Structures are given as structure tokens and as C-alpha cells.
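Notes follow the structure.
Rule-based calculations on the coordinates, nothing more; no lab input. The structure presented is a predicted model; accordingly, all values stated were derived computationally and were not measured. Because the Cβ atoms are built from the backbone with ideal geometry, glycine has one as well, and the counts that use them run over all protein chains shown.
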Amino acid sequence: MTARTVLQNADITRALTRIAHEILEANRGASDLVLLGIPTRGVHLARRLGAVLARLDDAPVPVGALDVTMYRDDLSRNPTRAPHPTEIPDGGIDGRTVVLVDDVLYSGRTIRAALDALSDLGRPRVVRLAVLVDRGHRELPIRADFVGKNLPSASSERIFVRLDETDGSDEVTIES
Amino acid sequence: MRHLLSTADLTREQAVRILDVAEDMADVATREVKKLPTLRGRTVVNLFFEDSTRTRISFEAAAKRLSADVINFSAKGSSVSKGESLKDTAQTLAAIGADGVVIRHSASGAPAVLAANAWIDAPVVNAGDGTHEHPTQALLDAFTIRRRLHGAGARGRSLDGVRVVIVGDILHSRVARSNVWLLATLGAEVRLVAPATLLPLGVRDWPVEVDLHLDDALTTNPDVVMMLRIQGERMRDAFFPSAREYAREYGLDEERLGRLRADTMVMHPGPMNRGLEISAAAADSARSVVLDQVANGVSIRMAVLYLLLSGAEEGIA
Amino acid sequence: MSVLVRGATLPDGTRTDLRIEDGRVAEPGGSADRVIDADGLRLLPGLVDLHTHLREPGFEQSETVLTGTRAAAAGGFTAVFAMANTSPVADTAGVVEQVQALGDQHGYATVRPIGAVTVGLAGEQLSEIGAMASSRARVTVFSDDGKCVHDALLMRRALEYVSTFDGVIAQHAQEPRLTEGAQMNDGPLAARLGLGGWPAVAEESIIARDVLLAEHVGARLHICHVSTAGSVEVLRWAKSRGIDVTAEVTPHHLLLTEQLAESYDARYKVNPPLRRDEDVLALREALADGTIDIVATDHAPHPVEAKEAPWDEAAFGMVGLESALSVVQAAMVDTGLLDWSGVARTMSLEPARIGRLTGYDEPFAVGARANLTLVDPSATRTFGTEHLAGRSVNSPYLGRTLPGRIVATIHDGYPTVLDGEVLPADQVALAAGVRRG
Ligand SMILES: [Zn+2]
């Protein structure tokens, strides 16, 4: 097995900053924005993104967590997963621009589950998707609006996102 | 763990995990859409050889909130005909394609027999068996206590040092048994109170303190007082002389209620005999968490069904 | 037909050849039609079970006289006493004669019917004890087994009345009020499992009362399936006072404990229930020192559906004939508590004496009726349904490793088991017919 680092700490920070700029541009500012991270690493990325946005726009951006465990379509094929708390910021999501944040976009099934979960929680005006890495191999008609890095990869390869908050360091590696 | 038969089988980690998942399920209950798609296409059978509308509808609500299909097999109706064996019923359920069985039975150990035999290959949830156990009741009681004590910060916590007094017919109570094992596992200090006739043999070896008089137990500054239902026929079998004497010695009346701290929880698994083991004043007081128990029952049962039915492998890891 | 058993080891350890001719032990040295090589095998007197449920008439789905005696032969028994709780109950001369005749006809073992003490086992009115005693079945043992004769006055009368006929009352000691809803041994384990408790005192109090009654009226008393250390104490005291009481213990109470109930597997549900370790040890000791006189199987067959059920709803009882000697070997012989002479005494000589069954007092003497069992104590087997020869399979030993194996059983001079195999029914019935003449 070989591991190759494709993003380092500074790359991740740069990618998030760029995504933040793109979100502000697309949304014409930070008003009505709600960031919802998908556990576990998506939540940390959403918090970082929220901090960048708040700095750029000089106003706090609500950040929450959206757990999709109970909405997955592969539950019966895997060992039981522990769900994570869903935290919807005060003010809710109705009429807001929700940006879903995840670490890796792959088959699209997680995002499908997230959209289902979201629709049970309210009715956002717009839903966008921001991911740190898009590795391709979509199985559903889903695409990301904001991508930190496109990483074309073989299905046999595995992509690992490590974050300071959960893993003690920031890096993205490909292992094959 | 593939089945939930006894709280004695649960480790502290497993118990906390069930309570934590129940927190997530409780969050769902506060939403506008109270349903999750998690068990869509799965069939949960409520197999009730003994009538209990409360427990059945709680499990039914839990299964339905997880989008499972629910089939109710009830001995009171015509679906479980008198004399039909557990084996025949189980094999019928297997043929129907049940993915999980929730069983209530008047015989202790019936869920264990169902789980041990090859009649049906599905997770079994004990919804009360004879005078043995009622694990989901104990879990919902622990959940209720933890939520009251820790609110939003309850996740991940145990019940270390929480003082729980359980009063009444310990001998015949499956609720008491399940609570004793679970609360002890979670670190609570449990105290059982009953006349000597209603204490099980060997209770001094249980992980509890035992008091023969309620008034003694109330001096221990309990955080929780759990009153058990006392059944009228116990009188006839000479467990105690009269309802009046029982209420006087072991009932939570207004005067005893007044001796509790303002934040001491009063619990009852229901249905209550108002005026016997619990006064109306105690049942309706601000200390009473009886309705919380009912609401939390659905969350706990959702958590248990989710953990046992959703995965491909061992349910409660 | 004559048979030579060559090189067998008798219970006392002596090695001998034994020749059987015309149904009796014959002078050595004559010719033999058949030779059984008994090198390394123990020759025991034919085993006698004072407590068997043959279920016929009335419960033929569980067992019949034919299948039950076949099980007996497989276990090395040559005589069984058949309990009275059939349907109709064995409380008249007609029923006991019918059961006895079936036994004679099939020939696997001598069947001695036990008569009910009270009509219909109802505990209210004495059954026709005299008529049964003087019937062709010559009933000598009377029991309401399954139910206790709990009315003290009725028990007194029964003890007195059977003594008229040199009979004995075999009491199933179970105080009924103390055992309402009882499911297993009363104690901490029952409390934890939520199963109704069967307290030791419910057995001990009846035994205490009945030994005193037996003393008072000067009658003989037999106690069925003693299961507790306390009962042993009461019996020891009674015997020390010279009270004419005998007692039996089952193989399962010598080996198994209440811990098995933890599985809620109803194969372990039995009446009286399996008890604690200390009870098992006390029972072994009592059997070794003679406080308990005999081993009796309480062979209680039940159909599969009666056991494949929640514990509360399942039937009480275990089959035990086929496994009895192996279990006694495991619990008593291999532990050094009892030698093979002790086995012969507690499983043949004494039960025969209590039941007034003749021909078992000097089993190896020339001229004795040839009722013999040849066992290989060095064998071990994983006990399975293939070792069961009756109609039911409710054995608690399935899957357990047990010592010893019955190699041959000879009933009344003809073999019922050879090379470890039960012989076909027609062959055995034919041999029995020839013997009757
Ligand atoms: Zn009996």
C-alpha cells in the first residue's frame, strides 16, 4: 500500500478560503446563509468555513450539523452505525440558503440522504453543496457547487481526509 | 448483541449508547416531520401474548416513526388463538418475513426461548416477560432520569451517584429487576423498599440497598422515587393484609411527598393505582415525570429498534 | 438356549464365567449355545427401577409399555415399577392387570404396576388397594406420584392400610400450597429469572411429617425422588430413630443443578426441581452412606411440543432409563463415592427388596433367575438421541459426554440387549413367550 499526500494544511486552508469567496459571490453576501456540516468531518469543515465567512463578511454565519445516518440507503448492508446529533441553528432553515458541507464527494448517496433529511427539517430557499474533495464516480445526478479540489481517482484507491479536530493534523491522502 | 432480552446483558458502554441514540430519536419527535425513513421496507411484529395497550402502542409508534411496517399479533384478538404455541406463531412470523419481533409474554424467559430457537431468525426485543424483565421500561426510566438531570448535555453520561429508591412489589416486578441491573450498570445507587413478603430471595446479594420501611428510605435524600404498581390479588395471596395498610406503610402520600426535595423525581411505570401506591397529589405534582416516561418510551424503543434492526451485523455493539 | 458370559468382573471385583440355562444361573462347565466375551466388563444384577412412568394407558404419544420397557432394557434394567398416573389412573385391579399383561407380552422387562393411593389421584378417597394387591398384578407399591398425599389423616390411613398387604406408600413429597405456581428451585436464581420458586421446605416438611406418621402407626414408608440436603437430614434422623423409611434419589438430582434453568431450556424442568450444588453433594453422600437407599429414574417421557415451550408452560420431567447407569457412574463411581457393589445394591437389590420383587437377592447364585446387566465402564459416549430407545427424547443429557455403556441385558434368561443394541421386539416377545411356556 502506498500513500500520497495531495493536500497539506495550507492547501486545505486555501481551498476553504476560496470556497468562502465563491459562496459570498454566488449568494451576494452572507445574508440568510446557513452552513450545515455532515458528520463527522463535514461539521468541522463547516465550522472553519463559517469562521472564514464571518471574517470576510464581518457578520456571524450560523453553522450546524446535519446527520444523515437515518436516511442512508445502505444501512442494512453495513454494521449498525451510531447516529450523530443533528444541530439546526436558531432561526432554522426555512427560506434560507443552506450550504451542505462534506469532506469527500463520491457516489453522491450521502448527499441524497442529506437532501432527504433536510426536507424533513424544513424548506430552504436554496440548497448548495460545498466539498473539500470531489473524487468522481457519481452514482446519482448530484454535483457540488463549490469544490476545494477535484481529485480524479480509481475506485480501488482510498481517499483519507484528516483534520486537526479529529485526527490531530490536516492532510488529504490517496492510498492505493 | 443481537437481541434485547435483559438489561443484565448490557455493558455500561452499550447502555449509554442506547440512551444516546434515544436522544437523537427524541430530537426527531420535536420536529414537524416526526418520521425517519430508516426502517422502510422492514417489518416489525408486535407479538403480545399478554395484553398491554400502553407498551404495544409505544412500540408501534416507535416502529412507525422509523417507517417500518408493523404487524400486531395480539392474544386478545383472534390472531394468536388460544393454545397456539410460541413455536407455531414464531414459524408463522418467519414465513411472513418479520425482520424483528417485539414480544410480551406472561411466561418468564419466553423471549429467550424465542431467541434461542431456530424457529425465526430475527432480532427479539423483550417487551416484558412474566416476572422476569422489561428492559425497554428500565431504559426509558434511565433516559428520563438522565435527561432531567443533565438536559441537553446528557449525551455520553452515565448515572454515577444518582440515588434511586424503588418501592413496592419487587418480588413480582419485571420493571424492578430490569431497573436494578441497568441502574447499577450505569452507576446509580439503588435502594429497594418493600415488606419482607414482597422482596425476592437473595435480594441482599443484588447490587442494591434494601429497606423494609419507606420512611427509612426517604431519609436517604433520594434523587428519584420510583413507585411500582401493586396488584390487588397480592392481598388475597397474603403478601400484605389490606390495601389500607399497604398504602399507609408503602404509599407515596402527600405527607411523604412533602419530605422530598423539590427536584426529586417521582416515577411510576404505569398504570397507576391512585390512592394505593401513589396519591393523586404525588402523581400530578411538579416532581412527577410520569408523562415524560411515556414520551421517552417511544424514543428509547426507536433507538432499540434502530440498533437491532438497521445493521447487517450484531445490533448493539 | 444357554448362554456363557466369559471372563466377567462381578461387582465385588472377582472375575468369573457365568452360565445361564433355562432362564437360570447354571452350574459352570456345561455347554453353551452362545458365548459373550465379557473381558473387561462389569457384570451387574439386572437393574430395577422403582419409579418409571410408562404412560400407557392414556398418554401413548409420550410412551407405551413397549417403548418404555425397550428404553429400560437399553439402560440395563430388567424390571420397572410403572407409576399410576395414567389415564385411566391405575386405581383399580383392571388397569394394573392390563399394564402388567402388556409388560409380560412384550418381554423387554418385568413390569410391576404401582397402584394409586387415592381414587383418580385426587387425594380424597383411598383406592381399592386390597383389590390391586390381590390381583394378578400383585401390587406392592402404592403412590399418587405427581401429586402428594398431602392430607395428613388420609396419609395416616394409607400407611396403615397398605401394611395389611405388606405394601408400601411411595410418597411424592410436595406440600401443595407452598408450591403453587412453582417452576424451579426456590432461591436467588429463581428470583432473578422470575420463575416461581419450589422451596426445599415444601419437600422436607412432608417428609418430616410422614416419617413421624410412619413411626406412629408402625408402617413402612418410601420417599420418592429426594432432592434436598434438608431432606437428607430428616431421613438420617428418622433412620437413627429406627423408623421404617426408605428413600430414592434420581440420577439427575445426583448430577445436575438449578443453574441449568438459566437458559430457560425446558429440558431441565423437572419435579422436584434441580437444586443447588450443596444439595447434589449431600444427596451423593447420602446415597453412599445408605441414608438414601436407592436410585430410581423417575423416567418421565413427554412429546417434543411439551418441552419446546416457554418454561412456565412446559411439562415437568425427563427421560432417564437409558442414561441412568452412566449418570450414576459419573456422579458416584468415578468420584469414588460408590463401588460397583454399591451400584448393584442401590440400583437392583434394594429397589427389588422395597418393591417385594423376588429373585434379586442372590443374582449370581446357581439357580437364580438370570436377570443380568453387562456394562463397559471404560467406554465414553456423547449422549445423543441415538442412545434413546423410548418414544420421547426429553433427555437433559443430549450433547453431554457420559461414561459407561450397556453391552448386554439379560432378562429372565434371554437377552434384550446384545453388543449394545436393543434386540427387535418380535425376537424378545418370542423369547418371553417361550419362558412363560
Ligand atoms: Zn414424583
| task | Confirm whether C:V226 is part of a loop (DSSP other than H, G, I, E, B), over 21 Å from C:P351 (Cα atoms) and away from chain B (no Cβ under 14 Å). | result | no
| message | Among the residues of region C:186-202, are any closer than 25 Å to C:R157 by Cα, away from the ligand (no atom under 16 Å from the Cβ) and away from chain B (no Cβ under 14 Å)? | response | no
| request: Say whether the condition of being in a helix (DSSP H, G or I), more than 16 Å from the ligand (Cβ to nearest atom) and either under 22 Å from C:P57 (Cα atoms) or more than 14 Å from chain B (Cβ to nearest Cβ) (or both) is met by at least one residue in region C:167-180. | output: no
| message | Suppose we keep only residues that are hydrophobic (A, V, I, L, M, F, W, C) and either assigned to a loop (DSSP other than H, G, I, E, B) or within 14 Å of chain B (Cβ to nearest Cβ) (or both) within region C:235-292. Which one would you say is nearest to the ligand (Cβ to nearest atom)? | response | C:V270
| message | Among the residues of region C:109-121, are any in a helix (DSSP H, G or I) and within 16 Å of the ligand (Cβ to nearest atom)? | response | yes
| said: Tell me whether region B:223-244 contains one or more residues that are free of Cβ contacts under 8 Å to residues at least 40 places away in the same chain, within 14 Å of chain C (Cβ to nearest Cβ) and assigned to a loop (DSSP other than H, G, I, E, B). | reply: yes
| note | If you go through B:A8, B:A63, the only one that is within 11 Å of another protein chain (Cβ to nearest Cβ), of a type in the set (G, A, S) and not in a strand (DSSP E or B) is B:A8
| said: Being within 30 Å of C:Q171 (Cβ to Cβ), within 16 Å of the ligand (Cβ to nearest atom) and part of a loop (DSSP other than H, G, I, E, B): is that true of C:L50 here? | reply: no
| said: Suppose we filter B:L171, B:L114, B:L139, B:L159 for residues that are buried (at least 24 other Cβ atoms within 10 Å of the Cβ), in contact with a helix residue (DSSP H, G or I) (Cβ under 9 Å, 6 or more places away or on another chain) and outside any helix (DSSP H, G or I); which single one remains? | reply: B:L159
| message | Tell me yes or no: at least one residue of region A:130-140 is outside any helix (DSSP H, G or I), out of contact with any strand residue (DSSP E or B) (no Cβ under 9 Å at 6 or more places or on another chain) and aliphatic (A, V, I, L, M). | response | yes
| field | Test result for C:M155, more than 17 Å from the chain's Cα centre (by Cα), within 16 Å of the ligand (Cβ to nearest atom) and in a helix (DSSP H, G or I) | value | yes
| Take the residues of region B:29-45 that are at the interface with chain A (Cβ under 8 Å from one of its Cβ atoms) and aliphatic (A, V, I, L, M): which is surrounded by the most Cβ atoms within 10 Å (Cβ to Cβ)? | B:L36
| note | Counting only residues in region B:91-110 that are within 9 Å of chain C (Cβ to nearest Cβ) and crowded, with 23+ Cβ neighbours inside 10 Å, the one farthest from C:Q183 (Cα to Cα) is identified as B:H105
| said: Checking the structure you have, find out if any residue of region C:224-246 is touching a His at 6+ places or on another chain (Cβ under 6 Å) and surrounded by fewer than 23 Cβ atoms within 10 Å (Cβ to Cβ). | reply: yes
| request: Name the residue, out of C:T380, C:T416, that is closer than 25 Å to C:R15 by Cα, in contact with a strand residue (DSSP E or B) (Cβ under 6 Å, 6 or more places away or on another chain) and surrounded by 20 or more Cβ atoms within 10 Å (Cβ to Cβ). | output: C:T416
| said: Quick check on C:E350: is it of a type in the set (D, E) and surrounded by 20 or more Cβ atoms within 10 Å (Cβ to Cβ)? | reply: yes
| query | Which members of region B:288-312 meet the condition of being in contact (Cβ under 8 Å) with a residue 40 or more places away in the chain and within 14 Å of chain A (Cβ to nearest Cβ)? | reply | B:S299, B:M302, B:A303, B:V304, B:L305, B:Y306, B:L307, B:L308, B:L309, B:S310
| query | If you check C:V417, C:V343, C:V407, which single one turns out to be touching a helix residue (DSSP H, G or I) at 6+ places or on another chain (Cβ under 7 Å) and either free of Cβ contacts under 8 Å to residues at least 40 places away in the same chain or in a strand (DSSP E or B) (or both)? | reply | C:V417
| task | Evaluate region A:53-67: report whether one residue or more is among the aliphatic types (A, V, I, L, M) and under 26 Å from A:E157 (Cα atoms). | result | no
| note | Flagged in region C:293-308 as in contact with a helix residue (DSSP H, G or I) (Cβ under 9 Å, 6 or more places away or on another chain) and either free of Cβ contacts under 8 Å to residues at least 60 places away in the same chain or more than 16 Å from the ligand (Cβ to nearest atom) (or both), in numbering order, are C:D293, C:V295, C:E305, C:A306, C:K307, C:E308
| remark: Of the residues in region A:63-84 that are over 18 Å from B:A303 (Cβ atoms) and crowded, with 19+ Cβ neighbours inside 10 Å, the one that is farthest from the other protein chains (Cβ to nearest Cβ) is A:V63
| query | So, in region B:175-203, of the ones that are in contact (Cβ under 8 Å) with a residue 60 or more places away in the chain and outside any helix (DSSP H, G or I), which residue ends up nearest to B:L140 (Cα to Cα)? | reply | B:L186
| In region C:124-152, how many residues are within 16 Å of the ligand (Cβ to nearest atom) and among the acidic types (D, E)? | 2
| message | With the requirement that a residue be in contact (Cβ under 8 Å) with a residue 60 or more places away in the chain and aliphatic (A, V, I, L, M), what does region A:74-110 give you? | response | A:V98, A:V99, A:L100, A:V101
| request: Of all residues in region B:42-54, count the ones that are out of contact with any Phe, Trp or Tyr (no Cβ under 8 Å at 6 or more places or on another chain) and under 14 Å from B:L305 (Cβ atoms). | output: 2
| query | Of the residues A:L45, A:L35, A:L56, which is surrounded by fewer than 20 Cβ atoms within 10 Å (Cβ to Cβ) and either away from chain B (no Cβ under 14 Å) or of a type in the set (V, I, T) (or both)? | reply | A:L56
| Flag if C:V80 is within 16 Å of the ligand (Cβ to nearest atom), in contact with a helix residue (DSSP H, G or I) (Cβ under 7 Å, 6 or more places away or on another chain) and β-branched (V, I, T) | yes
